[in-house]
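S.K.: Next up is a structure, given as structure tokens.
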Amino acid sequence: MQHSKVSVVIPMYNAEGTIIRTIDSVLKQSYKVFEILIVNDGSTDNSKNIVEEYIKKNSYISVELKLFDQKNSGVSKARNFGMKASRGDYIALLDSDDEWDSTKIERQIFILETNPDIDFLGANRNHEKIERFYFKRFKKLTRISSRILLYKTFFVTPTVIFKRKIIDKKYNV
């Protein structure tokens, strides 16, 4: 089976104390990612310099580490920029102050590739279980319609991974 390419998008703002742990948690994944796109959202601390130095020191690794710089425009704009610049089959989101369990991507890719009808996969907080939302009962893997999402967001950003085709359709790529 061909190894699917996973792009990881990390918006960063004043994360000098956490960004290296965040990047390291991606590099320690049991399922190797294709690229990590860090979008500096106008940080005023030393975050940008720390990432630039990290990229120089780790130029030998097989994962593409890319740093983009933009004036401070907010996390959504930074994340959107990173998603548009990504080239993977899948896009995973991670915040600059979060870390992943080492098997996170492997487990999610398994679910996505054994369930080809799933385009977007996310979870709630660690070990939090939601058994029902109004009329909808939840199982371990539950289809959630866009209608239900209008009422409640169930996904925590660092748990999200989705097929690139979702944004390709949106941006007509």
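S.K.: Between a residue in the stretch 39-54 that is more than 22 Å from Leu93 (Cα to Cα) and any residue that is in a loop (DSSP other than H, G, I, E, B) and open to solvent by 20 Å² or more (accessible area, probe 1.4 Å), which pairs come within a Cβ distance under 6 Å, given they are 6 or more apart or on different chains?
M.R.: Short answer, once both residue conditions are applied: Asp45/Asn14; Asp45/Glu16; Asn46/Glu16.
S.K.: Could you check how many residues of the stretch 3-20 are more than 22 Å from Lys57 (Cβ to Cβ) and open to solvent by 60 Å² or more (accessible area, probe 1.4 Å)?
M.R.: Residues that pass the stated criteria total 3.
S.K.: Sticking with this one: Could you please give the count of residues in the stretch 53-63 that are open to solvent by 70 Å² or more (accessible area, probe 1.4 Å) and either touching a helix residue (DSSP H, G or I) at 6+ places or on another chain (Cβ under 7 Å) or not aromatic (Phe, Trp, Tyr) (or both)?
M.R.: Filtering the stretch 53-63 for residues open to solvent by 70 Å² or more (accessible area, probe 1.4 Å) gives 53, 56-57, 59-60, 62.
Of the ones still in play, those that are also either touching a helix residue (DSSP H, G or I) at 6+ places or on another chain (Cβ under 7 Å) or not aromatic (Phe, Trp, Tyr) (or both) are 53, 56-57, 59, 62.
Qualifying residue count, the stretch 53-63: 5.
S.K.: Test Lys66 against the criterion of being within 22 Å of Ile109 (Cβ to Cβ) and open to solvent by 30 Å² or more (accessible area, probe 1.4 Å), and give yes or no. Explain how you work it out, then say what you get.
M.R.: Working: within 22 Å of Ile109 (Cβ to Cβ): yes; open to solvent by 30 Å² or more (accessible area, probe 1.4 Å): yes.
Answer is yes for this residue.
S.K.: On the given criteria, is Asp69 closer than 22 Å to Asp41 by Cα, outside any helix (DSSP H, G or I) and not aliphatic (A, V, I, L, M)? Working first, answer last.
M.R.: Numbers: closer than 22 Å to Asp41 by Cα: yes; outside any helix (DSSP H, G or I): yes; not aliphatic (A, V, I, L, M): yes.
It is true that Asp69 is closer than 22 Å to Asp41 by Cα, outside any helix (DSSP H, G or I) and not aliphatic (A, V, I, L, M).
S.K.: Right, another one. Report whether or not Asp45 is acidic (Asp, Glu), farther than 20 Å from Ile161 by Cα and in contact with a strand residue (DSSP E or B) (Cβ under 6 Å, 6 or more places away or on another chain). So that I can check it myself, show each step before the final result.
M.R.: Details: acidic (Asp, Glu): yes; farther than 20 Å from Ile161 by Cα: yes; in contact with a strand residue (DSSP E or B) (Cβ under 6 Å, 6 or more places away or on another chain): no.
Taking the combined requirement at face value, the residue does not satisfy it.
S.K.: Suppose we filter Ile50, Ile23 for residues that are open to solvent by less than 50 Å² (accessible area, probe 1.4 Å), assigned to a helix (DSSP H, G or I) and closer than 16 Å to Ser102 by Cα; which single one remains?
M.R.: Numbers: Ile50 fails: closer than 16 Å to Ser102 by Cα.
Result: Ile23 is the single residue among Ile50, Ile23 that is open to solvent by less than 50 Å² (accessible area, probe 1.4 Å), assigned to a helix (DSSP H, G or I) and closer than 16 Å to Ser102 by Cα.
S.K.: Could you pull out the residue among Ser43, Ser86, Ser47 that is among the polar types (S, T, N, Q), within 16 Å of the chain's Cα centre (by Cα) and at pLDDT 95 or above? Explain how you work it out, then say what you get.
M.R.: Working: Ser43 fails: within 16 Å of the chain's Cα centre (by Cα); Ser47 fails: within 16 Å of the chain's Cα centre (by Cα).
The conditions single out Ser86.
S.K.: Further question on the same structure: Consider Arg79 carefully, then state whether it is open to solvent by 50 Å² or more (accessible area, probe 1.4 Å) and out of contact with any His (no Cβ under 8 Å at 6 or more places or on another chain).
M.R.: On the way: open to solvent by 50 Å² or more (accessible area, probe 1.4 Å): no; out of contact with any His (no Cβ under 8 Å at 6 or more places or on another chain): yes.
Against the criterion (open to solvent by 50 Å² or more (accessible area, probe 1.4 Å) and out of contact with any His (no Cβ under 8 Å at 6 or more places or on another chain)), Arg79 does not qualify.
S.K.: Moving on. Look at Ile148 and say whether it is open to solvent by less than 80 Å² (accessible area, probe 1.4 Å), at pLDDT below 90 and outside any helix (DSSP H, G or I). Outline the logic, then answer.
M.R.: Numbers: open to solvent by less than 80 Å² (accessible area, probe 1.4 Å): yes; at pLDDT below 90: yes; outside any helix (DSSP H, G or I): no.
Against the criterion (open to solvent by less than 80 Å² (accessible area, probe 1.4 Å), at pLDDT below 90 and outside any helix (DSSP H, G or I)), Ile148 does not qualify.
The values are calculated or read from the model by the stated rules, or taken from the named source; none is laboratory data. None of these values were measured; they are calculated from a predicted model. Using ideal geometry, Cβ is built from the backbone for each residue, glycine included, and neighbour counts are taken over all protein chains shown. These area figures cover heavy atoms from the full protein model, side chains too; ligands, DNA and RNA do not enter into them. Shrake-Rupley method; radii C 1.70, N 1.55, O 1.52, S 1.80 Å.
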